[in-house]
Amino acid sequence: MNIKKVGVLGAGTMGSGIAQVCAEAGLEVILVEIQDSILQQALSKIGASWQKAVEKGKIDSTIKASREALLKSSQDLSSFKDCDLVIEAIIEEISVKKKVFKAMDEICPDYTILATNTSALSITEIAAATSRTDRVAGVHFFNPVSVMKLVEVIPGSDTSHSTIEAIVNLTKAIGKEPVVAKETPGFIVNRILNPLVNEAALAYQEGVASAEEIDKAMKLGAGLPMGPLALADMIGLDIVLHVTEYFFNEFGESKYRPALVLKQKVRAGHLGVKTGKGFYDYTK
Ligand code: 3HC
């Protein structure tokens, strides 16, 4: 299957990034977000990024205009009715995802592939909410989507070979590098990266060093592109906590127990860059 029209559900950090890279690759995109303020924020962020690319001389204004023409938006799920692929990037709540997949299954034609950008949840469980379990898969992008090359592609227990092939081909067409991973909590990257971030939060909580020093140590001593606490702030502490709690419950092993400081920051509404405060203060 040759994917030409992509639907993206959810215009948060990941959804808007996915919509952006798909339009940049010349695909027709429909970005659906229920909350108008989030949708408008996403569209202006994408527009600003393309304007910056024009100013830097990376693209000309004709290319910017053609990207803008490819990217449509809506607040209505029925806008997905002629998409070849829909990628869901909403809240990491299994019950909400199942409800949305059931609704999309009813709206979309038989040929549409329904994919989830979940960080860790079960693809098989999400697929079971639909009548097309062979055409549901995980397609997991990384933040910031426009920069990070990897996309994890995850089959559920019933996902067909042709569905995976279509998604792999799409990820290559948008300039990404796909890696197919087995359906296990966190797949590959989050399975390994999340415990590292949680360990950094534990070290911070124990007073081993300041956030700046922990990050500096991991950048200079372990060659990471950014420190784990700054990374946690960029991902969103709510998402980091959610993934850590999910691992703790799924694996049932104490090594995945979330650092208390993560819980405290999330309870205080300090979710990182997106709220202005996390391990660092972005308001100054
Ligand atoms: N959004 C969009 N573009 C960004 C960006 C952002 N948040 N941050 C940086 N960029 C772009 C810059 O505009 C610049 O583009 P240009 O070359 O066209 O001008 C380019 O990236 C390089 O930027 P900088 O030189 O300012 O910064 P760095 O070289 O330090 O790169 C980084 C920034 C790419 C964020 C790098 O620090 C990095 O790779 N960090 C690790 C990110 C990571 O691990 N992501 C995975 C998180 S886990 C996840 O997403 C899974 C989820 O399920 C939780």
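Each reported figure results from applying straightforward, stated rules to the coordinates on display, with no laboratory input. Since the model is a prediction, treat every value here as computed from it, not as a measurement. Virtual Cβ from ideal backbone geometry, glycine too; neighbours counted across all protein chains shown.
Quick notes
- Residue exposure sequence - 66, 37 - by fewest surrounding Cβ within 10 Å: 37, 66
- Available extension along the chain between residue 107 and residue 188 is 26.0 nm, counting 0.36 nm per residue and deducting the alpha carbon span.
- Ranked list, fewest to most other Cβ atoms within 10 Å of each Cβ, for 233, 238, 134: 134, 238, 233
- Backbone phi angles across segment 145-156, fed through the Karplus curve with coefficients 6.51, -1.76 and 1.60 (θ = phi - 60°), yield HN-Hα couplings of 4, 5, 9, 6, 7, 7, 10, 7, 10, 10, x, x Hz in residue order; Gly and Pro are listed as x.
- Percent of beta bridges antiparallel (DSSP, segment 75-212, rounded to nearest 5): 25 percent
- What separates the Cα centres of segment 18-93 and segment 214-265 is a distance of 29 Å.
- Potential extension, residue 216-residue 72 segment - 0.36 nm per residue separation minus Cα distance: 47.7 nm
- Here the label points at residue 125 and residue 251, each 7 Å from Cα along the C-beta direction, are separated by 1.7 nm in the simple model.
- Bridging of residue 98 to aspartates and glutamates at a Cα separation below 15 Å is possible for 88, 106, 125, once same-chain residues fewer than 8 apart are set aside.
- Shown in residue order for segment 35-51 are the 3J(HN,Hα) couplings computed by the Karplus curve 6.51 cos²θ - 1.76 cosθ + 1.60 at θ = phi - 60°: 8, 4, 4, 5, 4, 5, 4, 5, 5, 6, 5, 5, x, 5, 5, 6, 5 Hz (x for Gly and Pro).
- Partner aspartates and glutamates whose Cα lies under 15 Å from the Cα of residue 277, excluding those fewer than 8 positions away in the same chain, are identified as 212, 233, 238.
- Debye, to nearest 20: dipole size of segment 99-253, +1 on Lys, Arg Cβ, -1 on Asp, Glu Cβ: 480 debye
- Here the Karplus relation 6.51 cos²θ - 1.76 cosθ + 1.60, evaluated at θ = phi - 60°, turns the backbone of segment 75-88 into coupling constants of 10, 10, 4, 5, 5, 7, 5, 10, 7, 7, 9, 10, 10, 8 Hz, with x for every Gly and Pro.
- Theoretical ellipticity at 222 nm over the chain - DSSP helices of four or more residues, -39500 (n - 2.57) apiece, nearest 500: -14500 deg cm²/dmol
- Most mobile of 207, 227, 156 in a GNM of the chain (Cα contacts under 10 Å): 207
- Calculated FRET efficiency, residue 55 to residue 172, Cβ-Cβ distance, R0 = 41 Å: about 0.90 to the nearest 0.05.
- Taking only the Cα atoms of the chain, the radius of gyration and Dmax are 19.0, 55 Å.
- Of the residues 33, 250, 68, the one that moves most in a GNM of the chain with alpha-carbon contacts below 10 Å is 250.
- For the residue pairs 4/176; 45/274; 72/176; 56/216; 4/182; 5/97, the C-alpha atoms sit more than 20 angstrom apart in 72/176; 56/216; 4/182; 5/97.
- Other residues lying with their Cβ under 11 Å from the Cβ of residue 188 contribute a combined charge of +1, Lys and Arg counting +1, Asp and Glu -1.
- DSSP beta bridges confined to the chain are antiparallel in about 20 percent of cases.
- Distant-in-sequence amide H partners of residue 139 (H built 1.01 Å from N, under 5 Å): 116, 117, 118, 154
- Environment charge of residue 58, counting only residues whose C-beta is closer than 13 Å and scoring Lys/Arg +1, Asp/Glu -1: +1
- Stokes-Einstein D in µm²/s, Kirkwood radius over Cα pairs - segment 34-176 at 37 °C with 0.692 mPa s viscosity: 200 µm²/s
- The charge dipole of the chain, taken about the Cα centre with unit charges on the Cβ atoms of Lys, Arg (+1) and Asp, Glu (-1), comes to about 540 debye, rounded to the nearest 20.
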